[in-house]
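Take a look at the structure set out below.
The values are calculated or read from the model by the stated rules, or taken from the named source; none is laboratory data. Quantities reported herein were computed from a predicted structural model and do not represent experimental measurements. Methodologically, a virtual Cβ is constructed for each residue, glycine included, from the backbone with ideal geometry; neighbour enumeration extends over all protein chains shown. All accessible areas refer to the heavy atoms of the entire protein, side chains included, with ligands and DNA or RNA removed. Shrake-Rupley method; radii C 1.70, N 1.55, O 1.52, S 1.80 Å.
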Amino acid sequence: MAMAAALRREGRRFASPLISSQPITHVRSSLIPGEHVPLGARSISTQIVRNRMKSVKNIQKITKAMKMVAASKLRLIQTRAENSRGLWQPFTALLGDTPSVDVKKNVIVTISSDKGLCGGINSTAVKVSRAINRLTSGPDKETKYVILGEKAKVQLIRDSKKSITICMTELQRNPLNYTQVSVLADDILKNVEYDALRIVFNKFQSVVSFIPTMATVLSPEVVERETESEGKLGDLDSYEIEGGETKGEILQNLSEFQFSCVLFNAVMENACSEQGARMSAMDSSSRNAGDMLDRLTLTYNRTRQASITTELTEIISGAAALES
């Protein structure tokens, strides 16, 4: 107490000579607005670190919550995606899947998500679609896009705006079923002319793995031509046709039904891959936020300890000066 009183007396005694008539210009930090900058370099540095730690903690809470939501959605969609694989496999055995078929009118159906923060599944689907467009383009050929999802639309509209025929978004706002997807498939078939429909999607493998996949659906005319020329689809002639329908009408019905089944499976697989990729991405973000928080905590403790050491040194030096 006696030392504190002595310091106050000495401060009042030396205060008047230290007052200058020149205005004092405070050094302000460029990291935060001037009106909120406290005086003194130590308070500025510790305050910035505390604010950064608070923001990192908030981000970590958000990413953990998003991971839990994605995990719950993944469990619901994964069963439906696995069950939908049994719809298109009989058509592949009957009508085949010939991605190398050479036709004049190609329609690329690109399936993506409406939301981001799910890794690279959307950019992968767009890259595959562009690669297919380059392979199927030619002087006498025509290639069009049908886009399902907002993210693929944003990327493909930059360089292929004139080639986009149909664009549908917000498909997964409500849980999809086969009836809804069959209506979408019917709208696509009514509004595009095609020889081959090439559906690009991400096939779900695991939470951390998905495979970019392309499924090909041929028009009835191309199926009949392939049957007669190369014999790849020659097994169709071994089936007996009952009723008054012709072979062309049966192929038309089979082609439409095949497209709706393949589209339903592709939408389910892509939705499952989206939730798995989002779950993995949010888990990585949470771990990175935890590592950043550890580094910021260490920096904050070092800064605070340095400021305390400096203040103690100033007090001890002042007391020693008074005693001498």
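Quick notes
- Total formal charge among the other residues, if their Cβ is under 13 angstrom from that of residue 170, Lys/Arg +1 and Asp/Glu -1: +2
- Hull-based mean projected area of the range 87-282, where the convex hull spans the alpha carbons, in square nanometres: 11.6 nm²
- Those lysines that a straight Cα-Cα span of less than 19 Å connects to residue 67, excepting residues fewer than 8 apart in one chain: 57, 115
- Residue (of 84, 123, 179) at the positive-pole extreme of the range 72-185, dipole from beta-carbon charges: 123
- Note on residue 191 and residue 321: their simple-model spin labels are 8.1 nm apart, each label 7 Å out from Cα toward Cβ.
- By the rule of a C-alpha distance below 19 Å, with chain neighbours fewer than 8 residues away ignored, the lysines paired with residue 105 are 141, 144, 161, 162, 190.
- Note that the range 87-282 presents 49 Å² accessible area per residue, ligands and nucleic acids not counted, probe 1.4 Å.
- Of the residues 254, 263, 312, the one with the largest accessible area comes first in the ranking 312, 254, 263, computed with a 1.4 Å probe on protein heavy atoms.
- Solvent accessible area, Å² - residue 314, 1.4 Å probe, full protein context: 110 Å²
- Only protein atoms count toward the accessible area here, which uses a 1.4 Å probe; on the range 87-282, the carbon and sulfur part of that area reaches 50 percent.
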